[in-house]
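The values are calculated or read from the model by the stated rules, or taken from the named source; none is laboratory data. In this text, all values refer to a predicted model and were calculated from it rather than measured experimentally. Keep in mind that these areas ignore ligands, DNA and RNA; they rest on the heavy atoms of the full protein, side chains included. Shrake-Rupley method; radii C 1.70, N 1.55, O 1.52, S 1.80 Å.
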Amino acid sequence: MLQTLKETVSWLKPQIPEGTKTGIILGTGLGDLVNNITDKKEIPYEAIPHFPVSTVAGHKGKLITGKLGGKPILAMQGRFHFYEGYSMKEVTYPVRVMQLLGFEYLFVSNAAGGMNGSFQVGDIMLIEDHINLFPEHPLRGKNHGELGERFPDMSEAYNKKLRQLATDIAGKHNIKLQYGIYVGTQGPTFETPAEYHYFKIIGGDAVGMSTVPEVIVARHGGMKVLAFSIITDLGVYGKIVEVSHEEVQAAAKIAQPKMAFIMEEIIKQL
Ligand code: HPA
């Protein structure tokens with residue numbers, strides 16, 4: 001895997017603007033952030049040696065370089081989900097690439113169902129911590145010392161300083177921010193009412209099918225992480241209605257300008 005990674009990185013490196021240290025992974029229906037990127041250059045996943053290719057509707061599948069908030073960034077429009085059949089190594093491959101490109105920060109967004117009774121559809125939840133319920137761990141197997149430690153610490157998976165910055169910016173601009181624990185599950189089914197209830201009992205505020213693998217690998221690689229969930233549907237007794245991928249995308253679209261604003265303001269200050 002290391003050799004493959006190195007080949008991807010040496011192909012990509014000349015195309016990534018000097019000084020880029022922030023990677024952004026855009027979740028379902030959250031791709032509009034790219035409209036705020038200036039000096040944009042797109043690299044389709046198909047063009048990148050050894051890169052997986054994404055398949056789900058609403059995921060366009062390209063890397064975008066450019067500037068956000070005046071700072072050079074690399075955004076992934078379209079991520080790789082475990083439910084699509086990718087291995088955990090494939091799901092997290094782009095994060096390894098970012099690590100080997102020398103990036104310091106990873107910003108992640110996703111669409112999620114809310115279990116917290118005070119959440120509403122369209123809320124933005126700052127992820128404070130996660131519970132990993134994926135059936136396979138992205139770090140399972142031989143550990144490569146040059147990528148990270150065998151037993152990585154997860155006491156601050158979501159960087160405290162970045163979270164504080166997000167809180168400050170949201171407060172200053174009157175943007176409502178919710179806070180909570182993200183439960184990462186494999187999907188692709190949305191939850192039964194009993195499953196939402198179970199995820200709430202174990203300490204979750206929102207549930208989704210992504211993010212956790214990428215965050216684990218980013219932390220293993222020493223990157224600082226900030227992540228947001230857009231609450232696109234509610235898994236709260238009495239408020240549970242049928243959900244579809246299209247509705248999730250539509251709800252995400254409404255909230256995304258606010259999330260994009262917060263991300264951009266934080267990046268300005270990095
Ligand atoms: N469950 C799991 N994943 C999701 C949900 C949900 O309710 N909404 C958006 N992604």
Task: Whole-number percent relative contact order across the chain, with pairs defined as alpha carbons under 8 Å at least 6 apart - done: 26 percent
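With both bridge residues required to lie in segment 19-269, what share of the DSSP beta bridges run antiparallel, to the nearest 5%?
Numbers: 17 of 47 bridges.
Of those bridges, close to 35 percent are antiparallel.
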Open item on the list: Output wanted: per-residue J couplings in Hz (rounded whole) for segment 176-190, from phi through Karplus 6.51 cos²θ - 1.76 cosθ + 1.60, θ = phi - 60°, x for Gly and Pro.
Closed with: 6, 10, 9, 10, x, 9, 9, 9, x, 10, 7, x, x, 6, 5
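For the chain, which whole-number percentage of the solvent-accessible area (1.4 Å probe, protein heavy atoms only) is attributable to carbon and sulfur atoms? Don't skip to the answer; put the middle values down first.
On the way: 6020 of 11520 Å².
That share works out to 52 percent.
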Open item on the list: Rounded, prolate or oblate, given the Cα gyration tensor of segment 19-269, with a/c below 1.5 counting as rounded?
Closed with: rounded
Task: Rounded to whole Hz, the Karplus (6.51, -1.76, 1.60) HN-Hα couplings of segment 81-89, x for glycine and proline - done: 9, 4, 5, 6, x, 5, 6, 4, 5
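Can you tell me how segment 205-266 classifies by the Cα gyration tensor, rounded, prolate or oblate, using a/c under 1.5 as the rounded cut? Walk me through the numbers before you get to the answer.
Values: a/c = 2.60, a/b = 1.54, b/c = 1.69.
Taking the square roots of the gyration eigenvalues as a ≥ b ≥ c, segment 205-266 is oblate.
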Task: Nearest 10 degrees, 0 to 90: helix 245-269 Cα axis against the chain principal axis - done: 60 degrees
- [ ] For Arg79, list long-range residues whose amide hydrogen, built 1.01 Å from N in the peptide plane, is under 5 Å from its own amide hydrogen.
- [x] none
Open item on the list: Using protein chains only and a probe of 1.4 angstrom, how many square angstrom of Glu104 are accessible, to the nearest 10?
Closed with: 60 Å²
TODO: Give the long-range amide H neighbours of Ile131: residues separated by 5 or more places, or on another chain, with amide H under 5 Å away, using H modelled in the peptide plane at 1.01 Å from N.
DONE: Tyr182, Val183, Gly184
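Is segment 123-270 best put as rounded, prolate or oblate by its Cα gyration tensor, with a ≥ b ≥ c the root eigenvalues, rounded for a/c under 1.5, and otherwise prolate when a/b is larger than b/c, oblate when not? Kindly include the intermediate steps, with their values, before the conclusion.
Working: a/c = 2.01, a/b = 1.12, b/c = 1.80.
It is oblate, given that a/c is not under 1.5 and a/b is not larger than b/c.
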TODO: For Phe51, list long-range residues whose amide hydrogen, built 1.01 Å from N in the peptide plane, is under 5 Å from its own amide hydrogen.
DONE: none
Task: Integer Hz, Karplus 6.51/-1.76/1.60 couplings in order for segment 108-122, x for Gly and Pro - done: 10, 10, 8, 9, 8, x, x, 9, 6, x, 9, 7, 10, 4, x
